[in-house]
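Peer 1: After the structure tokens below, expect a handful of questions from me.
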Amino acid sequence: MRKFILALTSLMFSMSIFAHGPTPQKVQESITVNIAPAKAWSVVKNFTDFNKIMKTRSFDDEIMKIKYEMLKKDGPFSDYNAYIIVKKGANDNESVIQWTARFYRTYKLNPPIPEGQDDATAVAAVKKIVEPGLASLKKALQSK
Amino acid sequence: MINRNKKIIVVLLISLSLSLIYYYSNYYKTHPKAYITNQGDNTVSVVDLVDLEVIKTIKVGIAPLGITILNKKNLGFIGNVGTDDVSVIDTRTDQIIKTIKLNTAPLSITSSPDESKVYVTDWFKNNILVISVKEMKVIDSFKVGATPSGVVFNKKYKYLIVTNRDSNTVEVYNKKNKLITKLPTGKHPFGVHTKGQYAYTANVYDDSITIINLEDWTTKVIKVGAHPYNVLTHQNLGFVTNTVDDSLSVIDLKIGKEIKQIYTGETPENLDVHRKLNLLVVTNWGSDSISVFSLKNLKLIKEIKTGAQSRSFGEFILQ
């Protein structure tokens, strides 16, 4: 119950943050897999599924980081830029794969912000890309 | 005996308070600080630039972004876009001493050179609000072009310079708040900087900066890295934060070209220098940190963790 109230309060709190302002939004999620970083990176780098939704911008083998952008402008979010980075996990055979997305809500005019065009809606829409995206990446990694 | 003990206690208390006053006055004199607005967790991280560590975290309004430090008056003005107000910090104690209600989202903040006025861009209603530092309240406002983003004050000509993000222009106002000229920039000008005879805008969608000559109104465009947010000059060099490249473009201002890029943290947004210490500080929105570089050799000295989504749009270093 206490946890629930805590979650509810933090949700209400974050809603009030999202209610205003020309503020870039961040969605950051990660997964941990039992694969060495170098091997995980070779899978991440060549994972073409993401190109159905985002355009690869560049990648860096040294820091194991790949950058994406999204040019579409019809959704609740715009100016989308993201990167996926592979880091070493707790041991040599574990990797943490982190996806960070930065974007703004599309609606940038004066408040009041129309329903379904606020920051919270934009964040939810990006989470719908990031969460299943990481899940399918995890599947691909574990089948290696 | 009792009286003697009392005397000793009084003497001890006096010397203790004197040494505390001495310690604190010296501490603040010798320790320059950077004030980092963390838009993701509604705080300001105070970073000691000698010890290179966060010494305090101050709770401010919601979604703090813009900032300006008044060095002579020991004040910091922080704009909170979520609560439509400005938090004023006393930089000697790092406490909030006043919250000024605006009823609109403050984006960028700057001050007049004499530190008597603070100017705030009102993103939604296209105004510049003028705050009296003495009265700590809004005393004036005037209309500017659409989506005013960055604002700076040019000391040489006493101009107020504003970027209009969505109309790809920069506006120049005189000290009577009258528009003198409006010039085209690259696409989506956000941050603006000025020194001497020039002003500089960072053009987010064009991967460029525009240099404006305030004497003859000629402009020049220089290509930089991807999605630049802000620009700053120091001596003969210009520095530009390339948010998508996680880098700084270094520009040789004499030849008017980018000479190299140096890596920062993730999504670098804003930058400022400490002149005496020869430091360049960059806020990294993506990695919730700042990168501190030496201006002598442009090498990274230290990356310091701050609060979430560090931005500090404006002049954020106490000299």
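The values are calculated or read from the model by the stated rules, or taken from the named source; none is laboratory data. As the structure is a computational prediction, the values presented were derived from the model and not from experiment. Here Cβ is always computed from backbone atoms with ideal geometry, including for glycine, and neighbour counts include all displayed protein chains. All accessible areas refer to the heavy atoms of the entire protein, side chains included, with ligands and DNA or RNA removed. Shrake-Rupley method; radii C 1.70, N 1.55, O 1.52, S 1.80 Å.
Peer 1: Rounded to the nearest whole Å², what accessible area per residue is found for chain B with the 1.4 Å probe?
Peer 2: Heavy-atom accessible area per residue stands at 42 Å².
Peer 1: Apply the Kirkwood formula to segment B:181-227: the hydrodynamic radius equals the inverse of the mean of 1/r over all pairs of different alpha-carbon atoms; give it in Å with one decimal.
Peer 2: One decimal place: 10.6 Å for the Kirkwood radius.
Peer 1: Another one. Convert 20 °C to kelvin, take the viscosity as 1.002 mPa s, use the Kirkwood radius over C-alpha pairs of segment B:57-129 as Rh, and evaluate the Stokes-Einstein diffusion coefficient in µm²/s, rounded to a whole number.
Peer 2: 177 µm²/s
Peer 1: Could you list the GluC sites (Glu not before Pro) in segment A:26-70 that lie in coil according to DSSP, counting only those with at most 11 other Cβ atoms within 10 Å of their Cβ?
Peer 2: Taking segment A:26-70 and a limit of 11 other Cβ atoms within 10 Å, the loop GluC sites (Glu not before Pro) found are A:62.
Peer 1: If exposed GluC sites (Glu not before Pro) are those in a DSSP loop with at most 12 other Cβ within 10 Å, what is the longest stretch of chain B that has none?
Peer 2: Counting only loop sites that pass the neighbour cut-off, the longest clear stretch is B:1-134.
Peer 1: Using a 1.4 Å probe on the protein heavy atoms, what percent of the accessible area of segment A:2-142 belongs to carbon and sulfur?
Peer 2: 58 percent
Peer 1: Whenever you get a sec, compute what percent of the accessible area on segment B:116-198 sits on carbon and sulfur atoms (1.4 Å probe).
Peer 2: Roughly 51 percent of what the probe reaches on segment B:116-198 is carbon or sulfur.
Peer 1: Sort segment A:2-142 into rounded, prolate or oblate with this rule: let a ≥ b ≥ c be the square roots of the eigenvalues of the Cα gyration tensor; rounded if a/c is under 1.5, and if a/c is not under 1.5, prolate when a/b is larger than b/c, oblate otherwise.
Peer 2: Oblate, because a/c is 1.5 or more while a/b does not exceed b/c.
Peer 1: Sticking with this structure for a sec: Rounded to whole Å, give me the distance from the Cα center of segment A:95-120 to that of segment B:199-275.
Peer 2: 27 Å
Peer 1: Just B:56, B:296, B:175 to compare: in a GNM of chain B, with alpha carbon springs under 10 Å, which one fluctuates most?
Peer 2: Result for chain B, Cα springs under 10 Å: B:296 fluctuates most.
Peer 1: Okay, moving on. Could you name the aspartates and glutamates in cross-link range of residue B:156, using Cα to Cα under 12 Å and dropping any fewer than eight places away on the same chain?
Peer 2: B:215
Peer 1: Shifting gears a bit: Calculate log10 I(q)/I(0) of segment B:180-276 for q = 0.11 Å⁻¹, where I(q) comes from the Debye formula with a single equal point scatterer on each Cα and nothing for solvent.
Peer 2: Listed by q, the Debye log ratios stand at -0.27.
Peer 1: Next question, about the same structure. Which residues belonging to segment B:270-301 lose at least 20 Å² of 1.4 Å-probe accessible area when the assembly is complete, relative to their chain isolated?
Peer 2: Flagged in segment B:270-301: B:285, B:286.
Peer 1: With a 1.4 Å probe on protein heavy atoms only, tell me which residues of segment B:51-89 lose at least 10 Å² of accessible surface in the complex relative to the chain by itself.
Peer 2: B:62, B:63, B:81, B:82, B:84
Peer 1: What's the total accessible area buried between chains B and A, using a 1.4 Å probe, rounded to the nearest 100 Å²?
Peer 2: The B and A chains share an interface burying roughly 2300 Å².
Peer 1: Okay, next question. Trypsin sites (Lys or Arg not before Pro) within segment B:249-294: which are DSSP loop residues with at most 10 other Cβ atoms inside 10 Å?
Peer 2: B:254, B:276
Peer 1: May I pose another question? Quick one: in segment A:38-87, what % of C-alpha pairs are over 14 Å apart?
Peer 2: I get 50 percent for the Cα pairs in segment A:38-87 exceeding 14 Å.
Peer 1: Follow-up. Kindly express, to the nearest 10 degrees and within the range 0 to 90, the angle between helix B:2-30's C-alpha long axis and the longest C-alpha principal axis of chain B.
Peer 2: Between helix and principal axis, roughly 10 degrees.
Peer 1: Can you bin every Cα-Cα distance in the protein assembly as shown into 20 Å intervals starting at zero and give me the percent of pairs per bin, rounded to whole numbers?
Peer 2: With a bin width of 20 Å, the distribution comes to 23, 54, 19, 3, 0.
Peer 1: Something else now. Applying 1/(1 + (r/R0)^6) with R0 = 41 Å to the Cβ-Cβ distance of residue B:179 and residue B:52, what FRET efficiency is obtained, to the nearest 0.05?
Peer 2: Rounded to the nearest 0.05, the efficiency is 0.45.
Peer 1: Once the Cβ-Cβ distance between residue B:135 and residue A:63 is put in as r, and R0 is 41 Å, what FRET efficiency do you end up with, to the nearest 0.05?
Peer 2: 0.20
Peer 1: Next up: Give me the compactness ratio for chain B, meaning the Cα radius of gyration over 2.2 N^0.38 Å.
Peer 2: The reported ratio for this selection is 1.05.
Peer 1: While we're looking at this one, here's another question. What does the extension gain come out to for residue B:299 and residue B:126, with contour length at 0.36 nm per residue minus their alpha carbon separation?
Peer 2: The residue B:299-residue B:126 span can extend by a further 58.3 nm.
Peer 1: Could you pull out every residue, at least 5 positions away or on a different chain, whose amide H is within less than 5 Å of the one on residue B:308? Hs are placed 1.01 Å off N in the peptide plane, and Pro or chain starts have none.
Peer 2: Long-range HN contacts for residue B:308: B:40, B:41.
Peer 1: List the extent of the Cα atoms of segment B:127-201 along each of their three principal axes, largest first, rounded to whole Å.
Peer 2: Principal extents (Cα only, largest first): 38, 26, 19 Å.
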